[in-house]
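Have a look at the structure below, then the notes.
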Amino acid sequence: MGALSPLIAATLIFFSSRRFKGKERNVWLLMLWATISLFIAHVIWSYYMIYIGINLPFPNLADLFLFIFILLYAIAIFYKLYINKFYYKFIQIIMDTFMVLTIITTVGWIYFIKPILNEKGLNLVNLIFFSYPILQMTLFYCLVMFLFIPRYAFHKWTIILNMASTFIYFTTTIIFFTNYINDPTQLSQPMVIYLLWVICPLLIGISSLFDQQVSDYPTTQFKEKIDIIMDLKNSTYLLRLYMPYINIVILTLLTIIKWDEILSIVVGGGIYIILLIIKHSIMLVENKMLINKLSEANNLLEERVRERTQEIELINKELEYMAQHDPMTGLPNRRLFRQRLEACFESSKNGDVSKFALLFIDIDRFKKVNDFLGHETGDYLLIEITKRLKACTRPIDTICRQGGDEFLILLDQINDYEDALAIANKITESLKEPFYIKGFEINITASIGVAIHPIHGSSGEMLMRNADIAMYKAKEKGRNIVELYNEEQSEELSKKVILEKAIFKRTE
């Protein structure tokens with residue numbers, strides 16, 4: 001059963017390793033060879049102890065494969081951390097490991113190793129004895145440190161199961177060596193020790209089922225740049241931060257309790273302080289890099305906020321433009337035109353503007369263009385008409401497409417009605433020129449009604465109505481005419497205009 005356990009673990013690791021690619025797969029292949037080495041060690045031990053029935057001398061061939069297991073296991077753990085580019089974390093954990101190893105060795109030397117060596121002498125057997133628990137405890141500490149990495153080098157449960165396995169190995173090894181030191185001739189152990197040895201490799205095998213390819217973990221470029229923030233929020237961060245100082249306290253207490261062992265404590269403490277200085281030097285470099293990463297993350301965030309704000313502003317401008325302009329001609333629509341017309345009335349009340357005029361333009365016989373040449377040609381014609389209207393007016397004037405074939409023009413800051421009539425006549429002359437669209441020569445005319453503020457209206461609605469009436473009067477006179485609004489003939493025509501608009505209501 002002892003040999004079957006690592007064999008099962010090796011089988012689980014083999015099938016789990018097939019999920020991984022590239023260097024990630026190599027990690028679990030190292031784990032696979034480690035468990036195979038453990039399997040060989042168990043086979044050798046079981047063969048001599050169970051089938052032949054003799055006690056193997058210590059150390060033996062099985063111990064060689066146990067050391068290979070520990071070595072490959074440690075390489076796999078650190079290799080996973082290295083290939084995932086946790087370079088500074090990798091170095092820090094190695095330094096922490098050596099520092100803890102120094103403390104464990106110092107304490108072990110004073111309380112266990114030195115008393116045993118004084119009694120039994122220094123030899124290879126005792127050195128191998130003491131190396132087992134020290135190495136296993138060191139591996140356990142490394143796995144604990146892995147939990148401090150924001151994005152785990154291994155899956156969380158992979159680390160926990162390996163921690164459990166390593167801790168059980170450490171505990172059972174201490175019990176085994178204690179019994180062996182007391183009676184070197186008796187290698188058999190209580191049944192619970194054997195059961196625990198069976199469980200350890202199974203935990204390693206099961207842990208492989210939880211691990212994932214690092215690329216499968218959800219992450220983003222922005223998240224990678226702020227890992228340090230997540231690290232600071234980790235509840236175990238303080239433990240890692242204060243661990244070196246806790247170890248110094250341990251050395252200080254040892255100095256007080258074991259003053260007679262001051263030489264051993266000074267040696268251990270000196271090595272520890274050198275490692276601590278190296279670690280803090282590395283941390284200073286890492287902190288500088290982290291500050292740069294935080295600065296980059298902040299700049300990236302500001303840039304994205306700025307880009308997003310610009311996008312929103314651009315969208316808002318486009319929406320505002322679309323809400324206030326005709327989509328085909330790009331001219332202001334009735335909503336924007338009325339706003340500007342009301343602004344002229346407000347300026348007039350304040351004395352800033354004395355006179356302005358309104359031109360109501362209707363393209364004569366435009367319906368025939370649509371009927372005979374098609375609506376697409378009619379649309380192109382409206383666009384060309386827009387260009388000519390712009391050429392005939394001033395930059396301060398506002399041209400609006402009222403709908404269909406009707407246009408409104410607000411002439412701002414005119415001296416007299418003659419200025420308005422001059423621009424209107426210029427428009428009629430311009431529109432008489434032929435239009436060439438899609439191979440057709442199109443000849444059109446326009447009827448224009450003119451209303452002047454303040455003579456022909458004291459409000460925007462009144463001014464527009466009177467300009468509309470004047471335009472209808474121009475059509476009655478034979479089209480292609482500019483007509484100035486006249487109150488004397490407006491009453492009868494006004495009723496006619498209202499009746500026609502009620503029948504042929506134009507939708508906005």
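Compute the separation of the alpha-carbon centres of the range 261-324 and the range 383-441 and state it in Å as a whole number.
The distance from the Cα centre of the range 261-324 to that of the range 383-441 comes to 62 Å.
List the residues, sorted by chain then number, that are 5 or more residues from residue 402 or on another chain and whose placed amide H is less than 5 Å from its amide H.
The list, which skips near neighbours in sequence, is 407, 408.
Each residue of the range 471-482 in order: what ³J(HN,Hα) in whole Hz does its phi give by Karplus 6.51 cos²θ - 1.76 cosθ + 1.60, θ = phi - 60°, with x for Gly and Pro?
Those phi angles translate into 5, 5, 4, 5, 5, 5, 7, x, 6, 6, 10, 9 Hz.
Residues with amide H under 5 Å of residue 325's amide H, sequence separation 5 or more or different chain, H placed in the peptide plane at 1.01 Å from N; which?
It is 333, by chain and number.
Arranged from highest to lowest average of other beta-carbon atoms within 10 Å per residue, in what order do the peptides 10-23, 155-168 appear? Kindly include the intermediate steps, with their values, before the conclusion.
On the way: 10-23: 15.9, 155-168: 19.8.
My ranking of the peptides, most packed first, is 155-168, 10-23.
Tabulate in residue order the Karplus-calculated ³J(HN,Hα) for the range 395-410, using 6.51 cos²θ - 1.76 cosθ + 1.60 with θ = phi - 60°, rounded to whole Hz; enter x for Gly and Pro.
x, 7, 7, 10, 9, 10, 8, 5, x, x, 10, 10, 10, 10, 10, 9
Give 21/288; 390/475; 317/426 a once-over and call out the pairs whose C-alpha atoms are over 31 Å from each other.
Numbers: 21/288 33 Å; 390/475 23 Å; 317/426 34 Å.
Violating the 31 Å limit, Cα to Cα: 21/288; 317/426.
Show me the trypsin sites (Lys or Arg not before Pro) within the range 252-352 that DSSP assigns to loop and that have at most 15 other Cβ atoms within 10 Å of their Cβ.
Working: sites: 258, 279, 288, 293, 304, 306, 308, 317, 334, 335, 338, 340, 349; in loops: 258.
Sites meeting the loop and neighbour criteria: 258.
When a/c reaches 1.5 or more, the comparison of a/b and b/c decides; with that in mind, is the range 316-414 rounded, prolate or oblate per its Cα gyration tensor? Mind dumping the intermediate values first?
Details: a/c = 2.67, a/b = 1.72, b/c = 1.55.
Note, shape of the range 316-414 comes out prolate.
Search the structure for amide H atoms under 5 Å from the amide H of residue 437, placed 1.01 Å from N in the peptide plane, and list their residues when 5 or more places away or on another chain.
442
Tell me the relative contact order for the range 335-446 as a rounded percent, counting alpha carbon contacts under 8 Å between residues six or more apart. Don't skip to the end; give the middle numbers.
Values: 127 pairs, mean separation 36.2, N = 112.
Taking the mean separation of contacting Cα pairs over the length of the range 335-446, I get 32 percent.
Report, to two decimal places, the Cα Rg of the range 254-294 normalised by 2.2 N^0.38 Å (N = number of residues).
Against the compact-globule rule of thumb, the ratio is 1.80.
Since every read-out is calculated from the coordinates, none of them should be taken as a lab result. Since this is a predicted model, take the numbers as computed values, not measurements. Every residue, glycine among them, receives a Cβ derived from its backbone with ideal geometry; neighbour counts consider all protein chains shown.
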